[in-house]
1. I need HIS195, HIS117 ordered by Cβ neighbour count within 10 Å, fewest first.
2. How high is the relative contact order of region 10-248? Use alpha-carbon pairs under 8 Å, at least six apart in sequence, and give a whole percent.
3. Could you work out the equivalent-ellipsoid semi-axes for the chain, taking the square root of 5 times each eigenvalue of the Cα gyration tensor, largest first, in whole Å?
4. Counting other Cβ atoms within 10 Å of each Cβ, which GluC sites (Glu not before Pro) in region 53-109 have at most 16 and sit in a DSSP loop?
5. Quick one: ILE61, ILE235, fewest Cβ neighbours within 10 Å first, how do they rank?
6. Can you give the helix-only mean residue ellipticity at 222 nm for the chain, where every DSSP H stretch with n ≥ 4 adds -39500 (n - 2.57) and the sum goes over all residues, rounded to the nearest 500 deg cm²/dmol?
7. LYS154: which lysines have alpha carbons under 22 Å from its alpha carbon, excluding same-chain residues fewer than 8 sequence positions away?
8. Looking at region 129-207, which GluC sites (Glu not before Pro) are in a loop (DSSP not H, G, I, E or B) and have at most 16 other Cβ atoms within 10 Å?
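Laboratory data are not the source of any read-out in this text; all were calculated from the coordinates shown. No experiment lies behind these values; they were computed from the predicted model shown. With ideal geometry, Cβ positions are generated from the backbone for all residues, glycine too; neighbour counts draw on all protein chains shown.
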Amino acid sequence: MSDESRPTPAQTPVAAVIPAAGRGVRLGPGAPKALRALNGTPMLIHAVRALAASRHVSLVIVVAPPDGAAEVKSLLDAHALPERTDFQVVPGGQSRQESVRIGLDALPPHYRIVLVHDAARPLVPVDTVDAVIEAVRDGAPAVVPALPLADTVKEVAPAAVAGDPEPVVATPERARLRAVQTPQGFDRATLVRAHESVTENVTDDASMVEQLGLPVVAVPGHEEAFKVTRPLDLILAEAVLARRRLTDGF
Ligand SMILES: Nc1ccn([C@@H]2O[C@H](COP(=O)(O)OP(=O)(O)OP(=O)(O)O)[C@@H](O)[C@H]2O)c(=O)n1
Ligand SMILES: C[C@](O)(CO)[C@H](O)COP(=O)(O)O
């Protein structure tokens, strides 16, 4: 077993990269998505707090909108965050993949475990974060939190004429499908190699590790780790925060 793939001890420090450089086109016009407010606090601050809630995470690197690094730094300074966690801000890229790679480049060398977490998943519970970390510490090179699907999924072919109904070509067996969330956790050397090797666009980091032929494992995700993508998701996120305030007092 090479040094890089050896299981890491429980005290190995964990860093989190938070890609937050997206525009949020599907959310509609307005500020970059990560800077939009959820119950008065920017989505990004909720996401940073969610990751820093894990006592294992000692560094959070926020990948800011390309022209928004100064604004993000001010936001982090203006909000209460755990003192045991260090924060760094770097300007992001044109795609999620490029933003994650920029975040990885900023990681100090001694971090051997890295989480990648969408700013757009601001409400992930700390138990989910810790379950991902534990699986990486147990030796998995890549870990995803995942949930079974409620809908049946169809594969379609392109319509002959744009706008016409799309022909359905297959119905994958639902019991074997999972909806994948973040944080995704990685052995740092594996993730760096994946980002160096895979050049085509992918929608998550774990799929790059799959392309290297390395194992990716799934741990239980959480309904509240959903991604704020469309306007209805903002309403749902604010409802979850209101419920938390009532039941947990924060
Ligand atoms: N160039 C980019 C694009 C996306 N992201 C981040 O990747 C995460 C997941 O992306 P998504 O939800 O698709 O966000 P957006 O790209 O902002 O959304 P849209 O596709 O609707 O524009 C988000 O936290 C987003 O800020 C990023 O850091 N850099
Ligand atoms: C990484 C991710 O959140 C896993 O579900 C998702 O693939 C991001 O997709 P997006 O289209 O960039 O939001």
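1. HIS195, HIS117
2. 23
3. Whole-Å semi-axes of the equivalent ellipsoid: 27, 25, 19.
4. Filter output for region 53-109: GLU83.
5. ILE235, ILE61
6. My calculation for the chain gives -9000 deg cm²/dmol from helical runs alone.
7. LYS227
8. Counting only loop positions with at most 16 other Cβ atoms within 10 Å, the GluC sites (Glu not before Pro) in region 129-207 are GLU173, GLU200.
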